[in-house]
Each structure stands twice: as C-alpha cells, then as structure tokens.
Amino acid sequence: MTLMLAPMINPPTPSDSPVPDWEAFLRKHQAEGLPEIELPSLKPGDRLLVVTEHTAYTLVMRENGEADMTSNRTDRPSGRVLIHGCTFGASSSIKPNHLFCGGNLEFAHGEKGEVTTTTTIRALQLTQAEGS
C-alpha cells in the first residue's frame, strides 16, 4: 500500500516578530494540520521517499530508527543511517521520531555518526512492505 502525503505548498517564512522562528514554524505547522509520519510506526521493509528542495531520498526502514538510504545525487550520504526526526525551519529544535513537510530531515551516518540536516521537505511518500 502506498500513502501519498500532500506536498507543502506555502513553506513557512521567517518573520520580523520577536517570536523565535521555530516557535512561529511550530504554530503554523499545527494550525495547518500538515501530515506527519511517526517513525516508530514504520515496519522493517517499509519504503519512505523524502523529497527535499534539492534531493530525493529513499529510506528502506530497518529497526530502531535505522534505514538504508539512497538518493538521486552522488554527493549526498548513502548507506545505513539513523533517523533523528525533523527540525523546525532554520532552528536546531527537533521533533524526534517524526517527519513532516516543511521540516528538515535530520539523520546520522557513517562510522562517526556525522549528523546531516537536509533542506526543507517538500513531499513524503510511504510504501508499506508486504504484510505491513
């Protein structure tokens, strides 16, 4: 079964208000009811396509937040990753174990667990493994 989650049409923009960017982003995110994927609900073998501003990442889920990642670009990390969740806009605040349009995918990769944060997620597509 494939679930398409609507792309974000109007990404949050920084404001001149005294409210921190992450707080404004969170309020907008909650008000718009944007779709989210709860990573703990995914099963091994589920495939998640994460399309950012510049890259399409394919994550084949494993256990405990790990996934095998590939992308459409050779200059991006690939292989086994540990998905942390989504950051809010330009902040370092993170919603652990969740992915959503408008946020930024954060994951660790490599032998040293180097942390990477992507550009804004534009679309998510989940294809559940057979028997999920």
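Remarks
- Additional length obtainable on full extension of the chain from T74 to T119, 0.36 nm per residue less Cα span: 14.6 nm
- Sorted by Cβ density within 10 Å, fewest first, the residues K43, K95: K43, K95
- Neighbourhood net charge (13 Å Cβ-Cβ; Lys/Arg +1, Asp/Glu -1) for L82: -3
- Contact order, relative form, for the range 30-102: 27 percent (alpha carbon pairs under 8 Å, 6 or more residues apart, mean separation divided by residue count).
- Taking other residues whose beta carbon is less than 12 angstrom from the beta carbon of H98, and scoring Lys, Arg as +1 and Asp, Glu as -1, yields -2.
Quick note: the coordinates plus some simple rules give every number you see, no bench work behind them. None of these values were measured; they are calculated from a predicted model. Because the Cβ atoms are built from the backbone with ideal geometry, glycine has one as well, and the counts that use them run over all protein chains shown.
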